[in-house]
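Okay, so here's the structure we're looking at.
A short reminder: the numbers here are calculations on the coordinates, not readings from a lab. These numbers were taken from a predicted model, which means no experiment stands behind them. Virtual Cβ from ideal backbone geometry, glycine too; neighbours counted across all protein chains shown.
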């Protein structure tokens, strides 16, 4: 029997098609990062074998999302030393991205649902955690989850390694969506999501040694805004430079019409834009031949 031909990596096809990733960032009001050993990642993703407590947690979280209109981010990052007790880094949206708070427990990592419950739902329980001082500077959460998609293993691991060599705090992180953008990363506390990073570009982006215009086609968007507003926000980043990331940004979206309000450098204002789109056919993964249409956004100022 002749073996089926190997499919190209979805990230390679995305780059060949010159896909613009803007507007593909998740929309998060809060982000919780669980420090979990790599073997635990699969257990968190194994919905069929969740305990009743774990299933009930996500039912409660679903209601929270429906009430707020924005989701929550869940990242699983490998700790520096395996086998450590459960640590949680929790981020809430505010000016200049997200505010970080670090919590340490004596719980085993198998109690990951407790970490989500206490940070996202029942914060009165955080009295039982030890809060630690949060370090300054960026954290790059790089998807290296090759068992979900081979592209993330191929391209994510070298980026993770190079960031560490350059002295950037980088985390080997489980799948958070968008494997066709490998190497893809979540940068916190800015809340930016990145696409098609190379090891060299990842370091330059993290250290802000590259102009926004050069990095623009690698930006998936700011997770604090919905997709169409992410496209508008990128235009403002290009106009104002990296300093724009310190602004507090909010948006209202009505069809194609976006009103982005901001408070920046002591001034409040708003911009209005119409965001249209074309369609591009791209692969959904590196392991299935199916293609689907995605939106390519274009911004026109209103």
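Here are a few things to note about the model shown:
- Shape category assigned to the range 220-262 from the gyration tensor of Cα positions, a/c cut at 1.5: prolate
- Residues 53, 124, 30, ranked from the fewest to the most other C-beta atoms within 10 Å, line up as 124, 53, 30.
- Neighbour-count ranking [beta-carbon atoms within 10 angstrom, fewest first] of 64, 295, 288: 288, 64, 295
- Three-way shape label, the range 185-302, alpha-carbon gyration tensor, a/c 1.5: oblate
- With neighbour counts taken as other beta-carbon atoms within 10 Å, the residues 198, 173, 24, 144 rank, fewest first, as 198, 24, 173, 144.
- Three-way shape call for the range 1-225 based on the alpha-carbon gyration tensor, with the a/c threshold at 1.5: prolate
- Extension gain from residue 282 to residue 99, taking 0.36 nm per residue of separation minus the Cα-Cα distance: 62.4 nm
- Counting DSSP beta bridges with both ends in the range 1-225, the antiparallel % (nearest 5): 70
- The range 13-49 versus the range 146-189: alpha-carbon centroid distance in Å: 10
- Rg ratio (alpha-carbon, reference 2.2 N^0.38 Å) - the range 130-172: 1.36
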